[in-house]
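Take a look at the structure below.
The values are calculated or read from the model by the stated rules, or taken from the named source; none is laboratory data. Predicted model, so just to flag it, every value in this text is computed and none were measured. Counting neighbours? That spans all protein chains shown, and the Cβs are built from the backbone with ideal geometry, glycine included. Calculation scope for accessible area: heavy atoms of the full protein, side chains included, ligands and nucleic acids excluded. Shrake-Rupley method; radii C 1.70, N 1.55, O 1.52, S 1.80 Å.
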Amino acid sequence: MDSQLGTPDNPAGVRIAFLRYTRGEDGRLFLTSGCTSFEGIEGQINSLQDELDELRERARRAFQVP
């Protein structure tokens, strides 16, 4: 996540970038490795959710939302 603190003349800004991904032969971006079981994809989803929760908290601090 890239964040910019706000000033009286310029509001705070946040943007999210993918640091880990793979590109398929058709050009699509994949955020997880291939999963061969429900448990595997569930673990990947949980990991992504943890990262999103952390991003939300960092954005909250950047925007100073209580």
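Quick notes on this structure:
- Accessible surface of the chain, 1.4 Å probe, proportion on carbon and sulfur as whole %: 53
- Interchain or long-range residues, amide H under 5 Å from residue 12's placed H: 6, 7
- The chain pair-distance distribution - Cα-Cα, 10 Å bins, rounded %: 18, 35, 27, 16, 4, 0
- Cβ charges +1 (Lys, Arg) and -1 (Asp, Glu), total dipole of the chain, debye: 240
- Heavy atoms of residue 30 accessible to a 1.4 Å probe, total area in Å² rounded to 10: 80
- In the full protein context, the chain carries 87 Å² of accessible surface per residue, based on a 1.4 Å probe and ignoring ligands, DNA and RNA.
- For the stretch 22-38, 3J(HN,Hα) per residue [Karplus equation, 6.51 cos²θ - 1.76 cosθ + 1.60, θ = phi - 60°, Hz, x = Gly/Pro]: 10, 10, x, 4, 8, x, 5, 9, 10, 8, 10, 7, x, 10, 10, 8, 4
- Label zone at residue 21 (point 7 Å along Cα-to-Cβ), backbone N below 15 Å, the stretch 31-66: 31-33
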